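Accompanying notes for the structure given below.
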Amino acid sequence: MSIKVLYFAWVRERIGKAEEEVTPPAGVATVGQLMAWLAGRGETYASAFENPKVIRAAIDRTHVRADAPIE
(Lines give C-alpha, C1' and ligand atoms only; values in the text may rest on other atoms or scores of the structure.)
Protein backbone atom coordinates (compact mmCIF):
# COMPACT_ATOMS: atom_id res chain seq x y z
CA MET A 1 0.00 0.00 0.00
CA SER A 2 1.37 3.39 -1.00
CA ILE A 3 0.79 6.34 1.35
CA LYS A 4 1.23 10.03 0.64
CA VAL A 5 2.83 11.63 3.70
CA LEU A 6 2.87 15.40 4.20
CA TYR A 7 5.38 16.93 6.61
CA PHE A 8 4.94 20.27 8.37
CA ALA A 9 6.93 22.65 10.58
CA TRP A 10 10.09 21.31 12.20
CA VAL A 11 9.50 17.75 10.94
CA ARG A 12 9.66 19.09 7.38
CA GLU A 13 12.79 21.08 8.22
CA ARG A 14 14.57 18.05 9.70
CA ILE A 15 13.60 15.67 6.89
CA GLY A 16 14.19 18.23 4.16
CA LYS A 17 11.04 17.64 2.15
CA ALA A 18 7.39 18.65 2.33
CA GLU A 19 5.89 15.37 1.14
CA GLU A 20 6.65 11.93 -0.23
CA GLU A 21 5.01 8.68 -1.26
CA VAL A 22 6.04 5.74 0.92
CA THR A 23 5.27 2.04 0.86
CA PRO A 24 5.62 0.72 4.40
CA PRO A 25 5.86 -3.02 5.08
CA ALA A 26 2.68 -5.02 5.68
CA GLY A 27 3.08 -4.95 9.48
CA VAL A 28 2.64 -1.17 9.63
CA ALA A 29 -1.06 -0.75 10.43
CA THR A 30 -1.31 2.34 12.67
CA VAL A 31 -0.10 5.92 12.61
CA GLY A 32 2.29 5.20 15.49
CA GLN A 33 3.76 2.22 13.66
CA LEU A 34 4.18 4.38 10.57
CA MET A 35 6.10 7.00 12.57
CA ALA A 36 8.31 4.27 14.07
CA TRP A 37 8.98 2.84 10.61
CA LEU A 38 9.77 6.30 9.23
CA ALA A 39 12.19 6.90 12.14
CA GLY A 40 14.15 3.85 10.98
CA ARG A 41 14.69 5.23 7.48
CA GLY A 42 17.82 7.19 8.33
CA GLU A 43 19.39 9.80 10.55
CA THR A 44 17.22 12.72 9.43
CA TYR A 45 14.02 10.71 9.95
CA ALA A 46 15.24 9.45 13.33
CA SER A 47 15.84 13.04 14.37
CA ALA A 48 12.42 14.18 13.16
CA PHE A 49 10.55 11.35 14.89
CA GLU A 50 12.67 10.99 18.04
CA ASN A 51 9.73 12.11 20.23
CA PRO A 52 6.53 10.92 18.51
CA LYS A 53 4.35 12.10 21.42
CA VAL A 54 4.79 15.72 20.30
CA ILE A 55 3.93 15.04 16.66
CA ARG A 56 0.36 15.64 15.53
CA ALA A 57 -0.94 13.34 12.80
CA ALA A 58 -3.95 13.56 10.51
CA ILE A 59 -5.63 11.25 8.06
CA ASP A 60 -7.62 13.01 5.37
CA ARG A 61 -7.37 16.31 7.29
CA THR A 62 -8.77 14.85 10.52
CA HIS A 63 -6.45 14.71 13.54
CA VAL A 64 -5.91 11.17 14.80
CA ARG A 65 -4.12 9.47 17.66
CA ALA A 66 -1.11 7.20 17.23
CA ASP A 67 -3.28 4.09 17.51
CA ALA A 68 -5.46 5.14 14.55
CA PRO A 69 -5.47 2.52 11.79
CA ILE A 70 -4.06 3.33 8.37
CA GLU A 71 -6.45 2.15 5.70
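The values are calculated or read from the model by the stated rules, or taken from the named source; none is laboratory data. This is a predicted model, so every value here is computed, not measured. Cβ placement follows ideal geometry from the backbone for every residue including glycine, while neighbour counts extend to all protein chains displayed. Heavy atoms of the whole protein, side chains included, go into the accessibility calculation; ligands, DNA and RNA do not. Shrake-Rupley method; radii C 1.70, N 1.55, O 1.52, S 1.80 Å.
A 1.4 Å probe run over the chain, with the rest of the protein chains in place, finds 71 Å² accessible per residue. For residue 53 and residue 36, the difference between the fully extended length at 0.36 nm per residue and the C-alpha to C-alpha distance is 5.0 nm.
With a cap of 15 neighbouring Cβ atoms within 10 Å, and only residues DSSP puts in a loop, list the chymotrypsin sites (Phe, Trp or Tyr not before Pro) found in region 1-36. Intermediate values should be presented prior to the final figure.
Numbers: sites: 7, 8, 10; in loops: 7, 8.
Those that pass, being in a loop and sparsely packed, are 8.
Taking every C-alpha pair closer than 8 Å and separated by at least 6 residues, the mean separation divided by the residue count of the chain gives a relative contact order of 29 percent.
Quick one: grab the alpha carbon gyration tensor of the chain, order the square roots of its eigenvalues as a ≥ b ≥ c, and give me rounded if a/c is under 1.5, else prolate or oblate depending on whether a/b is larger than b/c. Don't jump to the answer; show the numbers that get you there.
Details: a/c = 1.39, a/b = 1.24, b/c = 1.12.
In terms of gyration-tensor shape, rounded.
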